[in-house]
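The values are calculated or read from the model by the stated rules, or taken from the named source; none is laboratory data. A quick note: this is a predicted structure, and the numbers were derived from the prediction, not measured. Using ideal geometry, Cβ is built from the backbone for each residue, glycine included, and neighbour counts are taken over all protein chains shown.
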DNA sequence: GTATATGCAAAGCATTTGCATTAAA
DNA sequence: TTTAATGCAAATGCTTTGCATATAC
C-alpha cells in the first residue's frame, strides 16, 4: 500500500511542512484522533503549527477522500486515515477513543428496497459502542479523590 | 404500546405545557428532528416556548431513556422517539434527514472477541448513508439560479 | 515571481448554564 | 406553599473564516 504522504505528492498537493507533519501524525496512528489531538502531536514535530491549519488540512484531506471524518456520539470529530478497508468502528462511549474493526456478518447486511425511500445509497457505517478498559475501571471508582 | 406522554405521566414527571408540547411533537413524527426543528413545531402549539427549554427537555428525555439522541455525520443532533425497536437509521448525507430502518442481516452482525480490545460492549449503531430523492435532484442542478 | 498556505484573532453554530421569574404539585 | 421548570441572555466548545504575512513551486 502506498503511503499517505506519497499519495499526496502524486496529487500535486502543495507540500508544506505543516501538511507533511499532519500526514505523518495520521499515518503513524491506529487510534483515530481529534483535531486537537492531531495538533498536539503535530506540535511536537513542528511547534509553530496552528490549530486552524490543522483543521484546514484535515478538511482538505477529507475532501480529497484520503481521510475519513468520524462523528459518533457527542464530542469532537475524529479522523481516520484508513479509507481503503471497510470503515467500521469500535468506540468508547466515555472517552471517545475509536478503533477500526472488521465485524463478522457485515457483508450480509442489506437494506430492503421497500425501506430505501428512494435514497441513492452510498455507504453504511457500523459503530460498536462500549466502555474501554480504562474508562470502565474509572467509572467504577467514581473519582480519583474527591477531596 | 403506551404513548410517550402517558409513560411520562407514570414517571411522575412534572407535566408543564412546554414538556407536553415537546412530547407531542416527537410522538407525531417519524422523521427524526433536530432541536431547532422541534422548537419550530412546538412554537406552533405554544408560541412562548424557548429553545433552551426544548434542549433541556430533550436532554431529560434522553437521560430517562425515552428518546434516543442520534449524531450521524456533521450537523446538529437529532432526536428519535423510537427506543423500543432496533435503532438503525437511513440518513441523507446532504440534508441530514433520518429515518428508522430495519435492515436484513443485522442480527448476524458480531464483533469477534479478539477485536473487542477488552471493551464492555453496549450497543451497535448502523447508519445507511445516501442521498434522499429531493437532495439528489437538487444536487444535479447545481443551484436554483446562480445569478 | 506568483499563487497559495499559514497564523492569528475574531466570528459562527449548536448547545449549556446562571439567575430571576413563573407555575405545577 | 414549596419545589422545580421556564426564559432570557451570556458563556462554552468546536470549527470556520478574513486578512496580512510567509512560503512552495
Residue B:122 meets each of (1) under 30 Å from residue B:5 (Cα atoms); (2) more than 7 Å from every other protein chain (Cβ to nearest Cβ) with one exception, condition (2)
Return the only residue of B:110, B:63 being without any contact (Cβ under 8 Å) to a residue 60 or more places away in the chain and under 19 Å from residue A:124 (Cβ atoms). B:110
Filter pass, residue B:76 being assigned to a loop (DSSP other than H, G, I, E, B), surrounded by fewer than 13 Cβ atoms within 10 Å (Cβ to Cβ) and at pLDDT 95 or above: no
Taking residue B:27 as the residue in question, decide whether it is more than 14 Å from chain A (Cβ to nearest Cβ) and within 12 Å of DNA strand C (Cβ to nearest atom). no
Hits in region B:38-68 - residues which are in a loop (DSSP other than H, G, I, E, B) and closer than 14 Å to residue B:79 by Cα: B:65, B:66, B:67
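Consider residue B:27 carefully, then state whether it is in a helix (DSSP H, G or I) and either in contact (Cβ under 8 Å) with a residue 40 or more places away in the chain or crowded, with 16+ Cβ neighbours inside 10 Å (or both).
yes
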Of all residues in region B:10-30, count the ones that are out of contact with any helix residue (DSSP H, G or I) (no Cβ under 9 Å at 6 or more places or on another chain) and either away from DNA strand D (no atom under 14 Å from the Cβ) or closer than 21 Å to residue B:69 by Cβ (or both). 2
Given the options A:90, A:98, name the one that is touching a helix residue (DSSP H, G or I) at 6+ places or on another chain (Cβ under 9 Å), within 14 Å of another protein chain (Cβ to nearest Cβ), in contact (Cβ under 8 Å) with a residue 24 or more places away in the chain and closer than 17 Å to residue B:125 by Cα. A:90
Could you check region A:59-73 and list, in sequence order, the residues that are within 16 Å of residue A:14 (Cβ to Cβ) and either surrounded by fewer than 16 Cβ atoms within 10 Å (Cβ to Cβ) or within 13 Å of DNA strand C (Cβ to nearest atom) (or both)? A:59, A:60, A:61, A:63, A:64
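Can you confirm whether region B:6-13 contains a residue that is in a loop (DSSP other than H, G, I, E, B), touching a strand residue (DSSP E or B) at 6+ places or on another chain (Cβ under 7 Å), surrounded by fewer than 17 Cβ atoms within 10 Å (Cβ to Cβ) and touching a residue at least 40 places away in the same chain (Cβ under 8 Å)?
Scanning region B:6-13 turns up no residue that is in a loop (DSSP other than H, G, I, E, B), touching a strand residue (DSSP E or B) at 6+ places or on another chain (Cβ under 7 Å), surrounded by fewer than 17 Cβ atoms within 10 Å (Cβ to Cβ) and touching a residue at least 40 places away in the same chain (Cβ under 8 Å).
Restricting attention to region B:41-58, which residues are under 22 Å from residue B:3 (Cα atoms), without any contact (Cβ under 8 Å) to a residue 12 or more places away in the chain and more than 9 Å from DNA strand C (Cβ to nearest atom)?
B:43, B:44
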Applying the selection to region B:55-67, what residues are closer than 29 Å to residue B:102 by Cβ and in contact with a helix residue (DSSP H, G or I) (Cβ under 7 Å, 6 or more places away or on another chain)? B:57, B:58, B:66, B:67
